[in-house]
Amino acid sequence: MCLLDSRVAEPAARGTSAAEPIVNIQVTCGEELGPVKAMVDELVRRGLRATLWVGQADLTPEWQAYLREIAGKGYEVGVKVDADISKLSYDEQLSLVEPIVGAVTSCTGRHPKGFRATSFRWNDASADVADKLGFMYFMASIGSAPGEFDSVLYFPPKRGFGVFGVTRALYPDGTSGILCDVPASKRMNSKEYVDLLRSVLDDCVATGKALVVEWHPASVTKPDPGNPWWQAFIGFLDYLESRRGDVWCATGEDLVVFGTACDC
């Protein structure tokens, strides 16, 4: 059954396997709370659980109050560093990440499970930081080329976390790209994008693979009825709900907990 209600559902309540592929919607915060809240509120209204990425700039008292509220409804709050950490040392990265971890833990009552950086760039020190701070998963490249990542869950040897990325797909122009509104908006229009999302969702249902999609409400997908990219977001959610029973709408943490069991 697709989780299309507002109940708080911890991973343990799911059991040890998942019959349906996981759909993980990710919302990346900007400095404005309003657009982020509008997007997440739409997900809450539909009962679609998701992952919300927050950085240091987001952790004002107003933000913290909202994160406490949203975490209480079963939504995941992950840690995002608003910097290219691939050029930073272990100590430099730790000094950036640790305060965000502390703030998120303080306001939500839960240690954050997910970690990522701007544009998913990273280096070996980033993996050491992920281990040090006890993250369950790290969003990054798992291929040989920069930016080559997908929603296939990978567990690096001798590490305590899983790795996955945003789902990759074939764009209308024949190139490969991630299912994220920012790069997609530079290569296609909003109608082409929602058609692509529907097609990839159908493929994930057929193959049992996880689907990870990222949205930016403070920039590309601003919650405005007149914004075609907001309409693409709504169109995707409508289609996702039409596949009720075929997918499980969950968090990144859920994907790691149940990914191996459902071959995601």
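The numbers here are math on the coordinates, done by the rules we state, and not lab data. Just so we're clear, the structure is a prediction, and the values are computed from it rather than from any experiment. Note that we place each Cβ from the backbone using ideal geometry, even for glycine, and neighbour counts take in every protein chain shown.
Leaving out same-chain residues fewer than 8 places away, which aspartates and glutamates sit with a Cα under 19 Å from that of LYS191?
Straight-line reach from LYS191, under 19 Å: ASP173, ASP181, ASP202, ASP203, GLU214, ASP224, ASP238, GLU241.
Go through 114-125, 212-223 and give me the packing order, highest mean Cβ count within 10 Å leading.
212-223, 114-125
Using all alpha carbons of the range 27-81, what is the percent of pairwise distances in each 10 Å bin, ordered from the shortest bin to the longest?
The calculated distribution, bin by bin, is 25, 65, 11.
Based solely on its DSSP helices, what 222 nm [θ] is calculated for the chain when runs of n ≥ 4 H residues each add -39,500 (n - 2.57) and the sum is averaged over all residues, nearest 500 deg cm²/dmol?
Calculated mean residue ellipticity at 222 nm is -11500 deg cm²/dmol.
Using packing as a proxy for protection, rank 85-96, 156-167 so that the peptide with the highest average count of other Cβ atoms within 10 Å comes first. Mind dumping the intermediate values first?
Working: 85-96: 16.0, 156-167: 17.6.
Taking the mean over residues of other Cβ atoms within 10 Å, the ranking is 156-167, 85-96.
What does the charge count around TYR90 come to, taking other residues whose C-beta lies under 11 Å from its C-beta (Lys +1, Arg +1, Asp -1, Glu -1)?
-4
For the range 166-256, state which trypsin sites (Lys or Arg not before Pro) are in a DSSP loop and have at most 14 other beta carbons lying within 10 Å of their beta carbon.
Loop-located and lightly packed - LYS186, ARG187, ARG244.
Would you pull out the residues with amide H under 5 Å of ALA117's amide H, same chain only if 5 or more places away, H placed 1.01 Å from N?
Hits under the 5 Å cutoff: VAL81.
Scale the Cα Rg of the range 62-128 by the rule-of-thumb value 2.2 N^0.38 Å and send over the ratio, two decimals.
In units of the 2.2 N^0.38 Å rule of thumb, it is 1.17.
If R0 is 35 Å, what FRET efficiency do you get for GLU98 and GLU42 from their C-beta distance, rounded to 0.05?
E(calc), rounded to 0.05, equals 0.60.
Using a 10 Å cut-off around each Cβ, can you sort PHE155, PHE138 from fewest to most neighbouring Cβ atoms? Kindly include the intermediate steps, with their values, before the conclusion.
Numbers: PHE155 14, PHE138 26.
Taking fewest neighbouring Cβ atoms as first place, the list is PHE155, PHE138.
Taking 1 over the mean of 1/r across every pair of different Cα atoms in the range 152-264, what Kirkwood radius in Å do you get?
15.1 Å
Can you pull the three principal axis extents for the Cα set of the range 19-116, in Å, largest first?
Extents along the principal axes, in whole Å: 41, 35, 23.
Based on the alpha-carbon gyration tensor of the range 149-211, what equivalent-ellipsoid semi-axes (square roots of 5 times the eigenvalues) come out, in whole Å, largest first?
Largest first, the range 149-211 gives 25, 14, 8 Å.
Order of VAL194, VAL36 from fewest to most other C-beta atoms within 10 Å?
VAL194, VAL36
With an 8 Å cut-off on Cα pairs and a minimum separation of 6 or more residues, tell me the relative contact order of the range 11-259 in percent.
Relative contact order here is 27 percent.
Translational diffusion coefficient of the range 11-259 at 20 °C, 1.002 mPa s, Stokes-Einstein with Kirkwood Rh over Cα pairs, in µm²/s as a whole number.
Using the Kirkwood radius from Cα pairs, D works out to 118 µm²/s.
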